């Protein structure tokens, strides 16, 4: 079963002094970023420090790594270093995935043992969203910043990104892997963060990335089932079992397969917390 995260906190790979602090946050996982957060001249040093920290982190620390694009020499160096090291990230995030083949090459180079999360952030990638999602064992992240920039669109405008989010949600639903949303960029706007996170949850997204620890609590709260949701889900499953295959009503509504699946997902999320 694919591990699903509510909150994924980015931490710059060039700031190894922040790794422990990020890991101590309430984020479900951290992502050490070797791509956008690291200047070209600092890539090698950041890679070395990141792999060293990953190899020494505690067993209870969940941490992944975002490599550079596998279509670049730096990305290839990241992959080679991962193969040669004893560090074992919980997942590898692949930025700028353009095709399913891109993802397969990285996954196979890593021995097929490390889950991969692909970032879809270009028009070509959206055209290949289904193939990318089906090749991404750990899920897909909507790379909204780069995608909106390539279109000249406004990332903060919900309607402008509807098609993009819908495409990713559908592709991940087909592949049976989680979809994750782009970070909310205004770290001081908690109300906006909660509003947009509720919207992406309604779209079917499983979690979202964060760029500051102060965003984590709100994101976790939105993606965590409420007590009433858990109670209803348990009651639905119990009513179904009592009916032994017969028709079941719950709160005046017929329980059909979509409702059952939704209840099962809620209970599965609750058990992961």
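Determine whether residue 166 is touching a residue at least 40 places away in the same chain (Cβ under 8 Å), closer than 20 Å to residue 207 by Cα and either buried (at least 21 other Cβ atoms within 10 Å of the Cβ) or assigned by TED's automatic domain parsing to the domain that holds residue 37 (or both). Considered against the rule, which asks whether it is touching a residue at least 40 places away in the same chain (Cβ under 8 Å), closer than 20 Å to residue 207 by Cα and either buried (at least 21 other Cβ atoms within 10 Å of the Cβ) or assigned by TED's automatic domain parsing to the domain that holds residue 37 (or both), residue 166 comes out as no.
For every residue, the table says whether it meets (1) closer than 30 Å to residue 221 by Cβ; (2) in the same structural domain as residue 209 (by TED's automatic domain parsing); (3) surrounded by 18 or more Cβ atoms within 10 Å (Cβ to Cβ).
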site: 37; (1), (2), (3): yes, yes, yes
site: 55; (1), (2), (3): no, yes, no
site: 59; (1), (2), (3): yes, yes, no
site: 108; (1), (2), (3): no, yes, no
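Going through (1) free of Cβ contacts under 8 Å to residues at least 60 places away in the same chain; (2) touching a strand residue (DSSP E or B) at 6+ places or on another chain (Cβ under 6 Å) one by one, residue 177 falls short only on (1).
If I ask for residues that are more than 17 Å from residue 16 (Cβ to Cβ) and surrounded by 17 or more Cβ atoms within 10 Å (Cβ to Cβ), which ones from the stretch 63-75 would you list?
At the first step, the residues of the stretch 63-75 found to be more than 17 Å from residue 16 (Cβ to Cβ) are 68-75.
Of everything in the stretch 63-75, those that are more than 17 Å from residue 16 (Cβ to Cβ) and surrounded by 17 or more Cβ atoms within 10 Å (Cβ to Cβ) turn out to be 68, 69, 70, 74, 75.
The values are calculated or read from the model by the stated rules, or taken from the named source; none is laboratory data. What you are looking at is a predicted structure, and each value in this text was computed from that prediction instead of being measured. Here Cβ is always computed from backbone atoms with ideal geometry, including for glycine, and neighbour counts include all displayed protein chains.
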